[in-house]
Amino acid sequence: MIFRGSLFSVFYEKTKVSADYNQVRLHRKSRICNRICVFLFLYPQLAEELLNKEVLNYDDIVTILGPCPFGDKRVHFSSPEASAQSQSLFSG
């Protein structure tokens, strides 16, 4: 009987850990979905365009929301300097 009880306790602990881990993941995903819903509620044109196209590129976003007030955020790799700058941005 002791072996059987300890076996159940091991399964119980593993199930509890798995349930706790999945609860954290679900909570994180629900927060992300909530933020997306609020964003789409604030920008109904963007939501409508996403329903039509499913994928939007940078130019589509600029057309819907207008240009970024801080300048174009695209990285152009036409020169070695731009390539070096992008490498420094992504390397940390």
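Odds and ends about this structure:
- Residues of type lysines that LYS73 reaches as a straight line, Cα spacing below 24 Å, ignoring anything fewer than 8 places off in the same chain: LYS53
- Estimated inter-spin distance, THR63 and PHE41, nm [label 7 Å along Cα→Cβ]: 2.8 nm
- Cα-based reach from LYS16 at 30 Å (exclusive), listing lysines while leaving out same-chain residues under 8 positions away: LYS29
- Spin-label model distance (nm) - ASN52 vs ILE32, 7 Å beyond Cα toward Cβ: 2.8 nm
Bear in mind that the values in this text are calculations on the coordinates, not laboratory data. Keep in mind that this is a model prediction, so the values were computed, not measured. No Cβ is skipped: glycine too gets one built from the backbone with ideal geometry, and neighbour counts run over all protein chains shown.
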